[in-house]
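To start, the structure itself, in C-alpha cells.
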Ligand code: NOJ
C-alpha cells in the first residue's frame, strides 16, 4: 500500500457518521441534545471506528425545516450550546482522530434572517438583490420539493410587493448567487467555520444552489455555474488544504459527473450516490442483485481524487424518485405499504431494520454490502444499533428520534420529562428497552459489535475506497459478487440477497491464491483451474481477501 500520495485524500477511505446535535445527547437535562453531550460521546464514536463526523445544522433557526432554515450563518443555536462548546467538541473529535464537517446550507436562508427581512422592507435595501424576485411567477414553473406543503416555488410577500423564489418551504427564500455580494458572503461563512476547525462541508442542495446563477443571468464570467463551484472548491483548498465538499446532488450519473468537475475533479470532492442507494432498495425488494450491479457499473469514471459516498439511509425521506413508477411501487409494497410510511409520493419515512422486519440476517447483509461497495460509507446515527422510526412523527421527522443510549427513561438521551424532549423516543419493538447502545456494547453478538467489525475491516481495506471495481460473473441473479483491486491488493465480496442458500462459483482467479475470510474464520484455496466455490447461507455474505504466497499483510 502506498502511503505518501494517499494520506491527504482522507475522504477516500473515511467512515462518515451523520448526527443531529439536537437529538444525540442532552447533557444539561433540558430535553434538547447539546454540544457538551456530543463531546461526552466522542469516545463512543471513535471506538465505533468513525473517522469523520457530519454535523447537521447547528445554527440559529426558526425550526421550520429542522434546522435547515437558518437565521444566522455565523451563530450556534443557543439550545445546543455556544461557539466555545462547538470548538471543544471539534477539538475533542480531532484528539480522537476524527474530523468534523458540517452542513453548509447556502441555497437559502430562513425568512426570519435579517437579510430577508431587510430585503422585504424596501426595494432599495442592500439585501434586496440577495434573493430572487419576480413581479409575476414565470409561466413555466418548476415543481416544489415538498409538494405536500407547497404548490409553487414562488411566494408573494406583501411587504416586498413581489414574488420570491423558494425551492423548499416558503420559509426558506433562495439566495441569489448571481449577486457577487452573496458569493462573498458564502465564502466568508465557509472561511469562518473552517477557521473554527471544520474539515469541510456537506453542501446542501447543490444543483438548486447553483441554479440562481441561471435564473438571473449572472455575470458573463459565471455563464457556466460550475465555474462558481470550482471557485468555491479552490477557496476551500486555499483555506484548508485537505478540506472536503460532500455534495447533495440527486441527479443522473452523467450530470453528477459535471458536479465533480468532470474528469478534472476540481469541483465537489464527494457526492452521495443516490442512484446506487435507490437501486439497492429495488434489489432488496426483488431479491435480485442486478439493479444494484448496473447502478454501480453505470457510475461515470471520475478523477481518482473524487469519491462516491454510499449510504443505506439518511436523515431525509428514503427517496425513490429516480426509480420508474412501477419500480417505486414495488419498493413501497415491499418496505412501506402503509400511507403513513410514505411521503411526497416518492419516499419512505422508515429506517432499515423495521423495513426488513427486524431480520438480523438481512440487516447485517445490507450493512456488509454497504461497507464493501466502492466508495466511502456514510452512517446516520443509530444505524449502528438498528434503531427504528416513529411513524407518529410528521414526515421525515420519523427517523430523527433521540439516540437510544440505554434502556432507561428517554433511552438515556435526556433526564428531562418525556414531554419536554425535542422529539419523542421510539416506542414498540424498536424502543430503547429493546434497542440501545448500553446492552449492545455488552453483547459480542450484537449488531453494534458486527458494525464495529465491518468498520475495522473496511478501514483495513483501502482497496474499497481506492480500487478498481468489477462485478464478477456467477450464475445467480440474487447474488452480487464483486471485487475491488488496488495495487497488489484485492478484496472479493459476495452477497446473497435471496433467502435460499447458494453456492457461488467464481473463476479467473490466480491459481496460487487463497481467499481468506475477513468477517469470520475461514480460508478457501483457489483450485488449479483458477476457480473456487463460495457457499452462502440465505442472506449470507463473505468478504474474501485474495492472498498470495509471500503476502505480508495482517489479516
Ligand atoms: C436537503 C436536506 O437534506 C433536507 O433535510 C432539507 O430539508 C433541504 N435540503 C432544504 O435545506
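Bear in mind these aren't lab numbers, they're just calculated from the coordinates by the rules spelled out. Model, not experiment: these values are computed from the prediction. Cβ atoms come from the backbone with ideal geometry, glycine included; neighbour counts cover every protein chain shown.
Once you sort the root eigenvalues of the Cα gyration tensor of the range 27-71 as a ≥ b ≥ c, which label holds: rounded (a/c under 1.5), prolate (a/b larger than b/c) or oblate (the other case)?
The shape class here is oblate.
What ranking, highest mean first, results for peptides 317-323, 503-509 when packing means the other Cβ atoms within 10 Å averaged over each residue?
317-323, 503-509
Would you mind ranking 157, 359, 103 so that the residue whose beta carbon has the fewest other beta carbons within 10 Å leads the list?
359, 157, 103
Arranged from highest to lowest average of other beta-carbon atoms within 10 Å per residue, in what order do the peptides 141-148, 43-50 appear?
Going from most to least packed, we get 43-50, 141-148.
Relative contact order of the chain, please, whole-number percent, based on alpha carbon pairs below 8 angstrom and at least 6 residues apart.
Worked out over the chain, it gives 12 percent.
Please order 20, 487 by the number of other Cβ within 10 Å, starting at the fewest.
487, 20
Need one word for the range 307-454: rounded, prolate or oblate. Basis is the Cα gyration tensor (sqrt eigenvalues a ≥ b ≥ c); a/c below 1.5 gives rounded, then a/b vs b/c decides.
The shape class here is oblate.
If you average the alpha carbon positions of the range 137-174 and of the range 30-79, how far apart do those two centres end up, in angstrom?
Here the two parts' Cα centres lie 28 Å apart.
Let me check against my output: what whole-number percent is the relative contact order of the range 417-555, with C-alpha pairs under 8 Å and at least 6 apart?
It comes to 18 percent, rounded to a whole number.
For residue 184 and residue 529, compute 0.36 nm times the residue count separating them, minus their Cα-Cα distance, and round to one decimal in nm.
Length difference between fully extended and current span is 117.9 nm.
Output the direction-averaged projected area (hull surface divided by four) of the convex hull of the alpha-carbon atoms of the range 265-343, in nm².
Value for the range 265-343: 5.8 nm².
So if I take the centroid of the Cα atoms in the range 500-545 and the same for the range 328-355, what is the distance between those two points in Å?
Computed from Cα coordinates, the inter-centre distance equals 35 Å.
Across 10 Å bins from the origin, how do the percents of Cα pairs in the chain run, short distances first?
Pairs per bin, as whole percents: 3, 17, 28, 27, 16, 6, 1, 0, 0.
Can you tell me the orientation of helix 180-195 relative to the chain, as the angle in degrees between its alpha-carbon axis and the longest Cα principal axis, to the nearest 10?
Tilt of helix 180-195: around 50 degrees.
Once you wrap a convex hull around the alpha carbon atoms of the range 468-547, what is its projected area averaged over all directions, in nm²?
Average of the hull's projected areas for the range 468-547 equals 4.8 nm².
Could you state the angle between the C-alpha long axis of helix 83-95 and the longest principal axis of the C-alpha atoms of the chain, as a value from 0 to 90 degrees rounded to the nearest 10?
Approximately 20 degrees, to the nearest ten.
Relative contact order of the range 238-336, please, whole-number percent, based on alpha carbon pairs below 8 angstrom and at least 6 residues apart.
Relative contact order for the range 238-336 comes out at 29 percent.
Work out the P(r) tail for the range 417-555: percent of alpha carbon pairs separated by more than 20 Å, whole number.
Beyond 20 Å sits 57 percent of the P(r) for the range 417-555.
Label the range 301-366 by shape, choosing from rounded, prolate and oblate, from the square roots a ≥ b ≥ c of the eigenvalues of the Cα gyration tensor; if a/c is under 1.5 it is rounded, and otherwise prolate applies when a/b is larger than b/c, oblate when it is not.
Note, shape of the range 301-366 comes out oblate.
Using only Cα atoms, locate the centre of the range 448-462 and the centre of the range 235-272, then give the distance between them in Å, rounded to an integer.
26
Between helix 447-460 and the chain, what is the angle of the helix's C-alpha long axis to the longest principal axis, kept within 0 to 90° and rounded to the nearest 10?
Tilt relative to the chain: about 80 degrees.
What list do you get for 124, 71, 6, 310 if you sort them by fewest beta carbons within 10 Å?
124, 6, 71, 310
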